[in-house]
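Chemist: Once you've had a glance at the structure underneath, I'll fire off some questions.
The values are calculated or read from the model by the stated rules, or taken from the named source; none is laboratory data. Note that the structure is predicted; figures quoted are calculated from it, not measured. Please note: Cβ atoms are built from the backbone with ideal geometry, for glycine as well, and neighbour counts cover all protein chains shown.
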Amino acid sequence: MKFSRYHLAAFMAFLIWGFFPLPLRMLSSYASGQILFFRVVLSLLLLLLINGVLRLSAVRATWQQYQQAQTREQRRVLSLTAVGGLLLVGNWLLFIYVINHVSVQAGSFAYLICPILTALLGFFLLHEPLHLKQWLAIGLSAISCVMLGAGDAYTVALSCLVAFSYAFYLITQRLLRDYDKLILLTLQLSLAAVILIPLTGPLDAHPLAGFQDAHLLLYAGILSVGFTVLPLFLNLYALNVLPSGTVGILMYINPLVSFVLAFVYYHEASGTTQAIAYAVILASVVLYNLPDRRKAPQPALQER
């Protein structure tokens, strides 16, 4: 198989996401709600600019597609978009908290098991079939979680919340696969911004002070441009040509790079039980992605 520019785009997208903890940790002294608010707002402003200037034809086509749909379909699109927006902003908040206040390992583990959890949810919610080896992989993932939970149930629970929130988000996006993903994301972040504004108090977010904080704006801007919109574009560009199975395997670059950062750069410790549990989850990933003559459903891929 020839390594094309589409392979490179997918590889770079997940490589960038793997280094996500670096700029995020630079904001560890800020409240998670403050970081979330500015990531949402800055990402939304950038997407509005891109869609309004460079993708007007796609916006018109999507609006026409929505208008031509039946009333029931329109309601379904609106409800799934709204639910997706809530899940995404919840996932972002949880992930920010986990990386900055728990450990990079916990965040990495969440996205290592996420594709397998997505397949499990697809089985129960979308009635997508799973093969025997995939059920075995899911079982190994569960064993890994139990092993980690025996030492620190709180951390594992947070990792699972991050993974499940994103997996549920991917399910909603799979049900909207016929609609433009960037436009959907713009709508979801618009909803998120509307929800976050009255919640700035409980989230300990301070927009007025934040807009005067150069350090916060710099790194929130890096998160929004370099670690949200740019890799999303690369990912969608790759998915235009590459099969989802190929991109599905490449997506494991993301948590594996983060694991390397956790141990090598941040010097996070890992006991024997943790090491065995990580080995078990890696084995489940390999087992889940073993080639099968029959086509198995692949996890949907979306923005981080």
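Chemist: Pick from the stretch 207-262 the residues that are part of a helix (DSSP H, G or I) and of a type in the set (S, T, N, Q): which of them is surrounded by the fewest Cβ atoms within 10 Å (Cβ to Cβ)?
Modeler: Filtering first and then ranking leaves Ser244.
Chemist: Next question. Tell me, which helices (runs of 4 or more DSSP H) wholly within the stretch 13-110 include 3 or more residues that are within 17 Å of the chain's Cα centre (by Cα)?
Modeler: 21-25, 32-53, 71-101
Chemist: Oh, and also: Search the stretch 47-62 for residues that are within 20 Å of Pro231 (Cβ to Cβ) and pair each with any residue that is of a type outside the set (Val, Ile, Thr) when their beta-carbon atoms are under 6 Å apart and the residues are at least 6 apart or on different chains.
Modeler: Ala58/Asp180
Chemist: Might you let me know whether the stretch 202-211 holds any residue that is in contact (Cβ under 8 Å) with a residue 12 or more places away in the chain and closer than 18 Å to Gln105 by Cβ?
Modeler: No - not one qualifying residue is present in the stretch 202-211.
Chemist: Looking at the stretch 129-146 only, could you name the residues that are assigned to a helix (DSSP H, G or I) and more than 13 Å from Ile113 (Cβ to Cβ)?
Modeler: Answer for the stretch 129-146, where residues must be assigned to a helix (DSSP H, G or I) and more than 13 Å from Ile113 (Cβ to Cβ): Leu132, Lys133, Gln134, Trp135, Leu136.
Chemist: Select from the stretch 239-270 the residues that are in contact with a helix residue (DSSP H, G or I) (Cβ under 9 Å, 6 or more places away or on another chain), at pLDDT 85 or above and of a type outside the set (Ser, Thr, Tyr) and list them in ascending order.
Modeler: Ile253, Asn254, Pro255, Leu256, Val257, Phe259, Val260, Leu261, Ala262, Phe263, Glu268, Ala269, listed by residue number.
Chemist: Can you find even one residue in the stretch 98-111 that is in contact (Cβ under 8 Å) with a residue 40 or more places away in the chain, within 30 Å of Tyr154 (Cα to Cα) and surrounded by fewer than 19 Cβ atoms within 10 Å (Cβ to Cβ)?
Modeler: yes
Chemist: Hey, another quick one. Could you tell me whether any residue of the stretch 21-28 is of a type in the set (A, V, I, L, M) and surrounded by fewer than 13 Cβ atoms within 10 Å (Cβ to Cβ)?
Modeler: Within the stretch 21-28, not a single residue is of a type in the set (A, V, I, L, M) and surrounded by fewer than 13 Cβ atoms within 10 Å (Cβ to Cβ).
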